[in-house]
Structures are given as C-alpha cells and as structure tokens.
Amino acid sequence: MGRGRAKAKQTKVARELKYFSPDTDLSALERELHASTQRDTGEPRREPDDDDGYDDYDRWSAGGR
C-alpha cells in the first residue's frame, strides 16, 4: 500500500473514532462509581505506624545489646 492510500485509511479511521459516539450505559457507570465510593468509605483507613525500623539500632547504640 502506498503512502497516499495508507494516509487515507488513517484519516478514515481517525474520522470514525472522532465522530462515533457509542451509547453510554449510565446505570452501569453509576453502579461502578457507587461501588467504589462504598469501598472507600466502608473500611477505616490505617494510619502509618510510627515505627521507622530504628528500634534495634537505638537499643544497640544505647548499649542494650
């Protein structure tokens, strides 16, 4: 296929994508958004522990090996 035909095909595909508007299932979208909202608020968020991993070092440096 020559460059002209390839470009024409790309233009045709781009036009189809630009102007094609499929039917949107708004009820499915609402269910999906509602489900993610419930999942986010249903479980309390855990705060990160204050443990930074230096407890062993602190004990060692203080002489409490």
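The values are calculated or read from the model by the stated rules, or taken from the named source; none is laboratory data. Note that the structure is a prediction, hence the values are computed from the model and not measured. Surface areas here come from the heavy atoms of the whole protein model, side chains and all, with no ligands, DNA or RNA. Shrake-Rupley method; radii C 1.70, N 1.55, O 1.52, S 1.80 Å.
The sole residue among Asp58, Asp23 that is at pLDDT 65 or above, of a type in the set (D, E, K, R) and part of a loop (DSSP other than H, G, I, E, B) is Asp23. Answer yes or no: is there a residue in the stretch 2-10 that is open to solvent by 100 Å² or more (accessible area, probe 1.4 Å), at pLDDT below 85 and on the phi < 0 side of the Ramachandran plot. Checking the stretch 2-10: at least one residue is open to solvent by 100 Å² or more (accessible area, probe 1.4 Å), at pLDDT below 85 and on the phi < 0 side of the Ramachandran plot.
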